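The values are calculated or read from the model by the stated rules, or taken from the named source; none is laboratory data. Computed from a predicted model, the values in this text were never measured in an experiment. Using ideal geometry, Cβ is built from the backbone for each residue, glycine included, and neighbour counts are taken over all protein chains shown.
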Ligand code: FES
Ligand code: FES
């Protein structure tokens, strides 16, 4: 059985008789802190965050790009960290759910999730919130979605109807079916921002 390299990948620790795997160093900034880690080249960003940097707020659910539980921001854009190689993040700025709070204050969307009961088990919640925060920025930047009926005018956050929020959050699944409350939470955070 082949051995899976563990956190703190050590080039010298390859098993004799197994194909040699060279660890690769990668320097990245996570939640404002610079890190240089040596990783197995096939390691996903999700595994590097959870196993090497012990940032376990980002959840592994499907591990195949289908549920959104692993959503983080790379240079301000939302990505599925289970579908992203850590070795490709050299020099990138990553934000995880642990990095949203500023000076002890939760992000407006985190507060709105609490106020609107946007979760039950909470397993999807960090991904929902990271996706929602990026979605609000995309709306501010004027990005339309598949639900945008009128493309003649630049999109604004005021155009974020329920249908728009549902469409823009459709990559984030919730097995507890908290969708109505999640939409309410996003709408409340948009109204406050
Ligand atoms: S764990 Fe990444 S999309 Fe499901
Ligand atoms: S709150 Fe349980 S999966 Fe979403």
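Some notes on this structure:
- Residues of segment 115-134 satisfying the condition of being away from ligand 1 (no atom under 16 Å from the Cβ) and under 18 Å from the mean Cα position of the chain (by Cα): 118, 119, 133
- Restricted to segment 55-90, and to residues there that are closer than 18 Å to residue 27 by Cβ and more than 15 Å from ligand 1 (Cβ to nearest atom), the residue that is nearest to the chain's Cα centre (by Cα) is 75.
- Residue match in segment 165-174 (condition: surrounded by fewer than 14 Cβ atoms within 10 Å (Cβ to Cβ) and either more than 19 Å from residue 112 (Cβ to Cβ) or modelled with pLDDT under 95 (or both)): no
- Tally, over segment 157-178, of residues that are near ligand 2 (Cβ under 9 Å from one of its atoms) and in contact with a helix residue (DSSP H, G or I) (Cβ under 8 Å, 6 or more places away or on another chain): 2
- Filtered residue count, segment 95-114, keeping only those that are more than 15 Å from ligand 1 (Cβ to nearest atom) and either crowded, with 23+ Cβ neighbours inside 10 Å or over 21 Å from residue 168 (Cα atoms) (or both): 11
- For segment 118-126, the criterion of being surrounded by fewer than 22 Cβ atoms within 10 Å (Cβ to Cβ) and touching a helix residue (DSSP H, G or I) at 6+ places or on another chain (Cβ under 6 Å) is met by at least one residue.
- Of everything listed in (1) surrounded by 11 or more Cβ atoms within 10 Å (Cβ to Cβ); (2) at positive phi; (3) free of Cβ contacts under 8 Å to residues at least 24 places away in the same chain, the single unmet condition for residue 31 is (3).
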